[in-house]
Amino acid sequence: MRKSIITKILLSRRLYQLSLENLNSDNELSLSIGIILLQDSVEIFLLAAAEQIDADVADNTNFNKYFDLINKKLYPKELPFRFRLNSLNKLRVNVKHYGLSPSKSETIGLIETVKEFFEEVSLQVFEKEFVAISLVDLINEGETKDYLTAAESDYSSGKYVNVLINCRKAIYVEIEGDYDISPYIDESERKGFGLMLLGHKSPFYTRNKKYIDEHVKEPTDFIVYDHDRLDMDLLKSGMSRLDYWNVWRLTPSLYRKDKESEWIVKEDFQKLDEEGIKDRAEYVLDSTINLILTKHMDLRRSKTPNYRKYFANLKTETAPIYEKADNKSKIIGAIPVGYKKVFVDAKVSALNGDGLFWHVSHFEDGLHLYGYIDNDDIE
């Protein structure tokens with residue numbers, strides 16, 4: 001489904017939920033509000049269904065006409081509960097245009113009818129259960145999607161603390177993990193061989209043991225933002241900077257060293273306070289989904305060649321790795337003993353003088369190599 005369709009369905013679902021409290025009241029004003037919300041939820045859902053099957057709905061199409069246009073596309077099947085939903089629409093017209101409040105007896109059964117309508121048509125038109133339709137469906141498969149799916153489930157179950165935590169995990173996987181300075185505690189741990197970690201985004205002045213010893217007081221301190229770079233990344237991908245920092249402020253800080261490590265969650269009492277947590281969880285969930293979806297849709301629009309791994313066989317064991325395509329530049333590392341081949345991504349003429357250099361981009365089995373190897377060291 002297109003994002004526009006899913007957005008309509010989510011709006012329809014939210015309006016339906018808002019109508020429930022009002023329609024369960026005996027107060028005439030509440031019943032009137034409930035009827036308007038309930039009818040709006042059905043009409044927006046019909047718009048989503050029409051868009052899904054390309055029914056020709058005009059801007060001024062009336063409520064009853066939706067059924068004719070959609071049924072024409074669904075033939076020989078048709079939408080259920082037409083008569084009952086037309087009764088709902090008449091109640092809404094009386095409320096909105098004539099100020100006539102419905103009686104309690106007129107609203108009995110409407111909630112159940114609309115619920116069944118949503119469930120049946122969702123399976124018929126969208127081939128998914130109504131409650132399962134989500135913008136998360138549009139997010140790329142992977143860890144991030146798993147955490148956001150869990151957050152949605154947590155919200156439905158009233159586990160609002162878990163909503164905040166799972167949304168922050170999704171943010172960590174997508175963004176925060178790139179700012180982890182823990183690999184710089186001990187260069188030998190990352191088998192550095194002169195590597196400046198690929199994709200690492202924390203400020204340069206933080207990438208050393210001295211900074212870590214002086215400033216890291218707890219595990220979550222290993223995440224150090226380069227704020228200018230982060231803001232630029234948010235801007236380039238179209239993500240809302242305001243929403244990002246709101247989510248960051250509303251969710252607990254957390255940390256994990258790698259995918260195999262356990263999550264460490266900082267139990268910030270203010271962020272996890274029960275007062276107002278439902279509203280905070282709702283905002284965080286909606287905002288996080290939209291942030292990640294915006295990023296992933298931007299990635300899909302980017303065009304790159306299909307990914308492949310290329311390798312070169314080594315002629316010289318422990319061949320030096322240069323900082324530049326120049327054998328007079330700084331040697332920043334060497335190929336470890338026992339390695340017969342190395343992953344490369346390009347070949348280029350020497351920066352100064354004659355010859356060729358291979359650009360090494362080797363990330364495998366915990367070994368990270370990045371730099372240039374002289375063509376004389378390659379078979």
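The values are calculated or read from the model by the stated rules, or taken from the named source; none is laboratory data. Note that the structure is predicted; figures quoted are calculated from it, not measured. Cβ sites come from the backbone with ideal geometry, for glycine too, and all protein chains shown count toward neighbours.
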Filter region 350-374 for residues that are modelled with pLDDT under 90 and surrounded by 22 or more Cβ atoms within 10 Å (Cβ to Cβ); the one that is nearest to residue 308 (Cα to Cα) is 362
Which one of the conditions (1) exposed (fewer than 13 other Cβ atoms within 10 Å of the Cβ); (2) in contact (Cβ under 8 Å) with a residue 24 or more places away in the chain; (3) over 23 Å from residue 294 (Cα atoms) does residue 238 fail to meet, given that it meets all the rest? (3)
Selection from region 57-98 of residues under 15 Å from residue 44 (Cα atoms), aromatic (Phe, Trp, Tyr) and touching a residue at least 24 places away in the same chain (Cβ under 8 Å) yields 63
Being in contact (Cβ under 8 Å) with a residue 40 or more places away in the chain and more than 36 Å from the chain's Cα centre (by Cα) is the filter here, so list the residues in region 338-371 that pass it. 358
Region 11-50, residues that are out of contact with any Ser or Thr (no Cβ under 7 Å at 6 or more places or on another chain), modelled with pLDDT under 95 and among the acidic types (Asp, Glu): 21, 26
I need the full set of residues from region 307-340 which are acidic (Asp, Glu) and either loosely packed, with under 12 Cβ neighbours inside 10 Å or at pLDDT 90 or above (or both), in order please. 323, 326
Sort through 26, 40 and tell me the only one that's farther than 19 Å from residue 120 by Cβ and either in a helix (DSSP H, G or I) or without any contact (Cβ under 8 Å) to a residue 40 or more places away in the chain (or both). 40
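In this structure, is residue 59 within 22 Å of residue 133 (Cα to Cα) and among the charged types (D, E, K, R)? Spell out the reasoning first.
Numbers: within 22 Å of residue 133 (Cα to Cα): no; among the charged types (D, E, K, R): yes.
For residue 59, the condition - within 22 Å of residue 133 (Cα to Cα) and among the charged types (D, E, K, R) - is not met.
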With a cut-off of at least 2 residues that are among the aromatic types (Phe, Trp, Tyr), name the strands (runs of 3 or more DSSP E) lying wholly within region 306-379. 310-313, 356-364, 367-374
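Would you check if residue 144 is crowded, with 17+ Cβ neighbours inside 10 Å, in contact (Cβ under 8 Å) with a residue 60 or more places away in the chain and of a type in the set (S, T, N, Q)?
Spelling it out, residue 144 is indeed crowded, with 17+ Cβ neighbours inside 10 Å, in contact (Cβ under 8 Å) with a residue 60 or more places away in the chain and of a type in the set (S, T, N, Q).
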Do we find that residue 260 is within 27 Å of residue 13 (Cβ to Cβ), outside the structural domain of residue 351 (by TED's automatic domain parsing) and not basic (Lys, Arg) in this structure? no
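Looking only at region 114-171, how many residues end up being among the hydroxyl-bearing types (Ser, Thr, Tyr) and under 25 Å from residue 49 (Cα atoms)?
Residues in region 114-171 being among the hydroxyl-bearing types (Ser, Thr, Tyr) and under 25 Å from residue 49 (Cα atoms): 5 in total.
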Taking the criterion of being over 23 Å from residue 123 (Cβ atoms), under 37 Å from the mean Cα position of the chain (by Cα) and of a type in the set (Asp, Glu), would at least one residue in region 55-71 satisfy it? yes
Looking only at region 11-54, how many residues end up being of a type in the set (Lys, Arg) and touching an Asp or Glu at 6+ places or on another chain (Cβ under 8 Å)? 0
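Here is a yes/no grid of residues against (1) in the same structural domain as residue 172 (by TED's automatic domain parsing); (2) part of a loop (DSSP other than H, G, I, E, B); (3) at pLDDT below 95; (4) in contact with a helix residue (DSSP H, G or I) (Cβ under 9 Å, 6 or more places away or on another chain):
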site: 194; (1), (2), (3), (4): yes, yes, yes, no
site: 198; (1), (2), (3), (4): yes, yes, yes, no
site: 225; (1), (2), (3), (4): yes, yes, no, yes
site: 235; (1), (2), (3), (4): yes, no, yes, yes
site: 239; (1), (2), (3), (4): yes, yes, yes, yes
site: 244; (1), (2), (3), (4): yes, no, no, yes
site: 248; (1), (2), (3), (4): yes, no, no, yes
site: 252; (1), (2), (3), (4): yes, yes, no, yes
site: 278; (1), (2), (3), (4): yes, no, yes, yes
Across region 270-298, which residue is farthest from residue 340 (Cα to Cα) among those that are surrounded by fewer than 11 Cβ atoms within 10 Å (Cβ to Cβ) and of a type outside the set (D, E, K, R)? 276
One residue is enough: does region 28-42 have a residue meeting the conditions farther than 30 Å from residue 152 by Cα and exposed (fewer than 15 other Cβ atoms within 10 Å of the Cβ)? yes
